[in-house]
1. I need the peptides 210-221, 51-62 ranked by packing, meaning the mean over residues of other C-beta atoms within 10 angstrom, with the highest value on top.
2. Measure off 7 Å from each Cα along the Cα-to-Cβ vector at L403 and R18, then give the distance between these two points in nanometres to one decimal.
3. Near K300, which lysines are there with a Cα under 25 Å away, not counting those fewer than 8 places off in the same chain?
4. Residue separation times 0.36 nm, minus the C-alpha to C-alpha distance between S375 and D315: what's the value?
5. Along each of the three principal axes of the Cα atoms of the chain, give the extent in whole Å, ordering the values from largest to smallest.
6. Arrange the following residues from fewest to most other Cβ atoms within 10 Å of their Cβ: R130, R382.
7. Quick one: order L97, L30 by neighbouring beta-carbon count within 10 Å, fewest to most.
8. Mind checking the angle between helix 57-72 and the chain's longest principal axis? C-alpha axes, 0 to 90 degrees, to the nearest 10.
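Nothing in this text is a laboratory measurement; each read-out follows from the coordinates by a stated rule. What you are looking at is a predicted structure, and each value in this text was computed from that prediction instead of being measured. Reconstructed Cβ throughout: ideal geometry from the backbone, glycine too, with neighbour counts over all protein chains shown.
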Amino acid sequence: MHRFAHISDIHLGSQRDRFMREKERESFDLAMDKCREIKVDFILISGDLFHNNVPALSVLNDALSKLSEVTSAGIPVYMVYGSHDFSHDTVGAIDILETAGVITNVSASEQKPFVRDGKTGALLSGVSGRKAGLEKDEFAALNREVLESADGFKIFLFHSAISEFKPADLSDMESIEISYFPTGMDYYAGGHIHRRGEFEFPGYGRIVFPGPLYLGWQPEDISRIYRGEKRGFYVVDFDDEVRNVKFVDLPPFPGTEVKVNLTGKNAVESNLLLIDEIEKADLAGRALLLKVYGRLSGGKTSDIDFVAVRKRAADRGALYFSLDRFGLDSEEMVRYRVSGDSVSEIERNVIRENAGNFRTSMEELKGERGISLASSLLQVLRADRLEEETEGTYNSRILQEALKALNMETGGVS
């Protein structure tokens, strides 16, 4: 009997706050330590080891150090790129790790359809993820005859949503139909979907998504872990077929979620209520997620003193403060929303509403001209990074387009 671990969506480098960065690193280190403790023969990472293809050097160094410990203990690490790892035109962190000998990329090619694990003889193949589902071409180019006819225990790694198994609330996510996958693999090691799931489909072996290893990076990832969702990775026992699949929990996240309904309150009453809720919460040595929602009866949402709320949470021992106010609006905001007949008109109305809070001596930023400049800048900043762009190229393009929107290239606003 042999054993491997299946991990995905670690997103090292996604957190900016010191406390959350430490939890991110600790969770990865703990997962690697558990793999050694339970004596797995090898480790699979189904993409998004890093949050960016070129992370901070400290993040890369920490990952390299821990992976070196694992491989030095005789446990190889096999992986494919995730959509965040992938880089079309530059060397990324995954390439550096492969050059250092601490990971092996098993993405299938015509010359190398499989990688054979030296100890167990398992055959590993896969397709790396790319942004916007562009890996579909890679699936279509697979030599399925070679993959499907090979003898042995076979594992297929991928970093894509599968159309047939998408959660209902992710129905708009780009995905790959199951028919694009080679049949007859014993285990399909999925990534990209930040939800844990085990699936079966005729002609295919076990299909498994571990979900994010710990924190993830999307707001809903963080919200669910505050609510107690278990995070971790899978351990799979096998010989000539899969014998046992078990999820290994990491320790619960030390977080407290506080929800406050501000419906019917004005800004002053909201400030008092929020401070009162902070006083009642168990915060010492914990992270706090404050979710405020409802509709204010008077004042603007910007009138609520969230800075004071954050400070009070820190005074009571909270090590991290996260605010979710997406469900909060006011009667004044609603009046502006219903007055617009299009997204652009609504945006202009919201900008107009808040323009009164902005003080400047620059005539170019006042009145309707300032509103137009703000709207133009918003359109520029909304642009996504193109598939072929490096981060530097993207930043340069956005900067140039922003300068143009502000008329700064022609001697306008300075």
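1. Details: 210-221: 20.7, 51-62: 16.7.
Highest-to-lowest ranking by the protection proxy: 210-221, 51-62.
2. Each label point is offset 7 Å from its Cα along the Cβ direction, giving 3.6 nm.
3. K259, K265, K291, K311, K366
4. Gain on stretching S375 to D315: 17.7 nm.
5. Here the Cα extents, ordered largest to smallest, are 72, 54, 40 Å.
6. Details: R130 22, R382 8.
In increasing order of surrounding Cβ atoms, one gets R382, R130.
7. Working: L97 23, L30 16.
Ordered from fewest to most neighbouring Cβ atoms within 10 Å, L97, L30 come out as L30, L97.
8. With rounding to tens, the tilt is 20 degrees.
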